Structure formats: C-alpha cells, structure tokens
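Have a look at the structure below before the remarks.
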Amino acid sequence: MRPHQLQARLLRAHRHCPTRLSRPPRQRPQRGRAAGALDAPAQWGDDVKAFCDIVGIVDPIVLGVSFGGFVAMSYATRHPEHPAKLILISTEAKGQSYLEQRVALFESLGGPEVGALARRRFLETGGHKDQASVEAWQRLALPLYTRKGHDPEMMARALRRPAVLQWFTRPGGEVTSFDLVPDLHRISCPTLVMGGEDDPMTPIACQVDIAAALRPDLVRFERFADCGHGVVSDQPERAFAVIRDFILGTHG
C-alpha cells in the first residue's frame, strides 16, 4: 500500500482519523481467501505480491494488524525485494506463543467467565472447534481487546469472514503451527513494529520477539503503555504520529 492508500485504510477503520491523516483517496484492501482455498500464510503472502502486480502497485508500504500481520510478514519474507516499508501492529510471528499469559490477561480484564473461555481456546481445545466457539469468543472476549472498546461503526463496516477465522483457528489449524520467526531476517525494508502493553490477544512479548528477529538497522519498535490490541483505537494521537513519522522518514 502506498502512503496515501494507507491513510485511506486507517481513515475507514477509525472515525476519528480525519484529524490525524488527511486527504483520504481510494483504498485497496486485502482480505483472507475463503476457507479451504489454500488457507496458509505462505499463500496469503504470495497473494499480496500477485495483487500488487495485477493492479500495478510498486514499492508498496504494507501494513498488517493482528491476523493481517501474519500475511504481511509472509509477504515480506517471501518477496523481500518488493515492499518499500512494512508496518506490523499487534501481531505475532509464531503460533501458540505466550498462551498462559493470554489467559491471565483475559481473566484479569473480563473475570472468571472470560478467563475460562480463554483457557478452553488456548490451553484445552487448542482453538475454535466450531462456529459456536467463534461466536462466544466474539461476544465475550473481543470487547476486551482494547481499553476503550470497539467502535460500533467500524465493526458495522467490517466485512467479516467467520469461516476463514474458524478454519485457521480450529484445533490443529495453522494458527497453532505457523512459525515465521526463522524467516524474519529475510525482510530487507524498514519495518515499524507497534504493540500495546495491555494487549491480551497478542501480548507485547510477541512484538518483542518480532523486533528482535529483524535486522537491527531496519527495525523501529514502539511500545504503548495502557494500550490494548490494534493500538490505534486506544492511543490514536501517538499511534498516528509514529506511523506518519515512519512513512515520511528517510529511514525506518
């Protein structure tokens, strides 16, 4: 994504964005394939490159948040010559990491019921075994991802693919086995890594690991205190300032 396209993406995602990033043009979002259609980080990473080739995007700045970060890292490790810059927010490079910490964070934020739900998902069943599990998670745990809560307008605009989520996070699915850490050294563009220190879904330790695996001369790591998943919703002022500075800067 080019810088102006990134602005459009963020403006669509957060209603308060017009005061932070201006002149939003068209956006070109990428979403996961339908379940069963080679649902793997490797395939999704190749899809990003193919999409750019088809529509003529060169030297893109690619942003991946959470699940999108898996795709962005796959793309940047498989096609290291292609992106101009990379932005990774609230994501992880290895499945099944820091599971006890996730359970503890969810329980501290949502009480015993949410703690039990997180324990079943992360430690007992190893994922979402069915669509009912996904729905329970979205009802009880999803509102705890951020400190300020999800913007209902943003959630209403979102185009969701619950079948993809359930397939990827099913017991034994690739969310439990993918590991991009050994390939992160292949990323050859400036990379901004951002994470919230109160994120229960992808704890800050996940972003610490990503930053440590990247080339030190290319990585910029920003931690956000009192901040949950996705960063921008909880701390828009600082988050947009960091993103803008990274995009406009001559070095990562």
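Pairs meeting the criteria (first residue in region 200-229 and over 21 Å from residue 100 (Cα atoms), second residue among the aromatic types (Phe, Trp, Tyr) and assigned to a helix (DSSP H, G or I), beta carbons under 9 Å, at least 6 apart or on different chains) are 220/246; 222/246. When the residues of region 108-130 are filtered to those that are without any contact (Cβ under 8 Å) to a residue 24 or more places away in the chain and over 23 Å from the mean Cα position of the chain (by Cα), the one that is surrounded by the fewest Cβ atoms within 10 Å (Cβ to Cβ) is 112. A residue that is in contact with a His (Cβ under 6 Å, 6 or more places away or on another chain), open to solvent by less than 20 Å² (accessible area, probe 1.4 Å) and not hydroxyl-bearing (Ser, Thr, Tyr) cannot be found anywhere in region 84-96. For the residues 171, 152, the requirement of being farther than 19 Å from residue 89 by Cβ and in contact with a Lys or Arg (Cβ under 6 Å, 6 or more places away or on another chain) singles out 171.
Quick check on my filter: what residues within region 48-61 are open to solvent by 20 Å² or more (accessible area, probe 1.4 Å) and in contact (Cβ under 8 Å) with a residue 24 or more places away in the chain? Walk me through it before giving the result.
Residues of region 48-61 that are open to solvent by 20 Å² or more (accessible area, probe 1.4 Å), as a first pass: 49-51, 53-56, 58-59.
Of everything in region 48-61, those that are open to solvent by 20 Å² or more (accessible area, probe 1.4 Å) and in contact (Cβ under 8 Å) with a residue 24 or more places away in the chain turn out to be 49, 55, 59.
Could you check, for region 91-110, whether at least one of its residues is touching a Lys or Arg at 6+ places or on another chain (Cβ under 6 Å), within 24 Å of residue 218 (Cα to Cα), in a loop (DSSP other than H, G, I, E, B) and at pLDDT 75 or above?
If we filter region 91-110 for residues that are touching a Lys or Arg at 6+ places or on another chain (Cβ under 6 Å), which is where we start, we get 103.
So of that shortlist, the ones also within 24 Å of residue 218 (Cα to Cα) come out as none.
No: zero hits.
Residue under question is residue 247, and the condition is that it be aliphatic (A, V, I, L, M), surrounded by fewer than 23 Cβ atoms within 10 Å (Cβ to Cβ) and touching a residue at least 60 places away in the same chain (Cβ under 8 Å); does it hold? Taking the combined requirement at face value, the residue satisfies it.
Residue under question is residue 165, and the condition is that it be at pLDDT 95 or above and either among the hydrophobic types (A, V, I, L, M, F, W, C) or surrounded by 18 or more Cβ atoms within 10 Å (Cβ to Cβ) (or both); does it hold? So residue 165 does not fit the description; no.
The values are calculated or read from the model by the stated rules, or taken from the named source; none is laboratory data. All values derive from a computational prediction rather than experimental measurement. Note that we place each Cβ from the backbone using ideal geometry, even for glycine, and neighbour counts take in every protein chain shown. Ligands, DNA and RNA are excluded from the accessible area calculation, which covers all protein heavy atoms including side chains. Shrake-Rupley method; radii C 1.70, N 1.55, O 1.52, S 1.80 Å.
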